[in-house]
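One structure is given below, encoded as structure tokens.
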Amino acid sequence: MEEQLQTPVQTPDQTVPQVPPAGLPAQAGNKFPVWLPFAVGLIALILGAIVAANQIMQTLSRTSAPAAPTPAPIPTIARQLSAVATDSAFLLLESSVSTLSGRVSALSIQDSTLTPPTLDLPLGFQQ
């Protein structure tokens, strides 16, 4: 009593049922790639770091520096002249210094007699 396997007879009216491959039913429910949650997590981590850095920078910029005093000119102190300032020798010295300063500022330092001579030395090179 051997059982014989009988192949079903197909008629042209019948359609052959398609059997999906073994790997497809497990993948049919998985619509997203495996790396997608990791990529979303990495992007969220980067955005969180940017927001935290922005908050820290805003907090640091809000702290006000101590107000510096407004600069003002220093008042001149009225001093009394010394006894030497009214002496005739001191006044003569002061006028001599001012005339000497005027002459020095008017002096021309360009002098053609001070230029070095042009040296033409025979070095033995023939052209």
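Derivation of every value follows stated rules applied to the coordinates shown; laboratory data play no part. As the structure is a prediction and not an experimental result, all values here were calculated from the model. Neighbour counts are summed over all protein chains in view; Cβ atoms, including those assigned to glycine, are modelled from backbone coordinates with ideal geometry.
Taking 0.36 nm per residue of separation and subtracting the Cα-Cα distance, what length does fully extending D87 through N54 add?
4.6 nm
To the nearest 0.05, how large is the calculated FRET efficiency for T76 and L114 if R₀ is 30 Å and r is the Cβ-Cβ distance?
After rounding, the FRET efficiency stands at 0.10.
Which semi-axes, in whole Å and largest first, does the equivalent ellipsoid of region 54-119 have when worked out from the alpha carbon gyration tensor as the square roots of 5 times its eigenvalues?
55, 35, 7
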